[in-house]
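Let me begin by presenting the structure, written as structure tokens, before commenting on it.
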Ligand SMILES: [Zn+2]
């Protein structure tokens, strides 16, 4: 799993609008003082690993974006760990929900299959 702009935006509470088949974000630039009524000219393209502001001219990759926001590699590493934890929790919750929906006999079958893998 690779870090994404979306993860960083979510972690820092930066709200942008999604557009263009989910690969692009658009909104107010987090790097320069912009009036809310000004037309938003800040774009992120997740697919091309690129952000750009047409007003203050800041641009770069996700790594540049993180640096510009005053965060470092360690911060991004922590973020990745917490994202993995969330994903793992979702997987396990799904697994236990599935188990709960099975009959006693089916559960025994699943347990036997899993026992072979250890
Ligand atoms: Zn800007």
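The values are calculated or read from the model by the stated rules, or taken from the named source; none is laboratory data. Since this is a predicted model, take the numbers as computed values, not measurements. Cβ: placed from backbone, ideal geometry, glycine included. Neighbour counts: every protein chain shown.
Scan region 49-66 for residues that are away from the ligand (no atom under 15 Å from the Cβ) and surrounded by 15 or more Cβ atoms within 10 Å (Cβ to Cβ) and jot them down.
Filtering region 49-66 down to residues away from the ligand (no atom under 15 Å from the Cβ) leaves 49, 61-63, 66.
Passing the criteria: 49, 62, 66.
Given 94, 77, which one is exposed (fewer than 14 other Cβ atoms within 10 Å of the Cβ), within 30 Å of residue 110 (Cα to Cα) and away from the ligand (no atom under 16 Å from the Cβ)? Give the derivation first.
Values: 77 fails: within 30 Å of residue 110 (Cα to Cα).
Exactly one residue qualifies, and that residue is 94.
Of these, 107, 18, 84, 117, which one is in contact with a helix residue (DSSP H, G or I) (Cβ under 8 Å, 6 or more places away or on another chain), away from the ligand (no atom under 16 Å from the Cβ) and at negative phi?
107
Would you be able to tell me the number of residues in region 21-65 that are free of Cβ contacts under 8 Å to residues at least 60 places away in the same chain and within 21 Å of residue 2 (Cα to Cα)?
Qualifying residue count, region 21-65: 21.
Against the definition (at pLDDT 90 or above and either assigned to a strand (DSSP E or B) or out of contact with any strand residue (DSSP E or B) (no Cβ under 8 Å at 6 or more places or on another chain) (or both)), how does residue 96 come out, yes or no?
yes
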